[in-house]
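Each remark here refers to the structure printed beneath this line.
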Amino acid sequence: MRTKPIIGTIVGVFYGALDGVQAQLIRITKLGYTVELLESKDAFHKGDRVHLSVTEFTINRGEINYKIAMQSLHNGVNGKHKSLAAQTTNVG
């Protein structure tokens, strides 16, 4: 069973081209986030994946399990990069 996806809003990237676009957090890395766009805007299409710094992606606090996110961040910083989907899926 999967937990609810982590959703956030993109801000201040590509000269505002993606400001306000909703995206799903895919991976946390040493350098920031990999997200998948949930909507299209201008030259960017729903499903595109983009890499963002932590200042360019605001996680919607009401939807996140901070324990999982912080563990993912800790694992990413220590070089153990895993996708959030793999960490939040229960097998059984």
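The values are calculated or read from the model by the stated rules, or taken from the named source; none is laboratory data. Quick caveat, the model's predicted, so the values are computed rather than measured. So basically every Cβ, Gly included, is an ideal-geometry build from the backbone, and we count neighbours across all protein chains shown.
Each row is one residue, and each column tells you yes or no for (1) surrounded by 14 or more Cβ atoms within 10 Å (Cβ to Cβ); (2) assigned to a loop (DSSP other than H, G, I, E, B); (3) modelled with pLDDT of 95 or more; (4) at negative phi.
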site	(1), (2), (3), (4)
23	yes, no, yes, yes
28	yes, no, no, yes
39	no, yes, yes, yes
47	no, yes, yes, no
55	no, yes, no, yes
Could you please find all residues in the stretch 1-30 being over 15 Å from residue 49 (Cα atoms) and polar (S, T, N, Q)? 3
For the stretch 6-20, state whether one or more residues are closer than 21 Å to residue 61 by Cβ and in contact (Cβ under 8 Å) with a residue 60 or more places away in the chain. yes
Scan the stretch 1-21 for residues that are of a type in the set (Gly, Ala, Ser) and crowded, with 16+ Cβ neighbours inside 10 Å and jot them down. 8
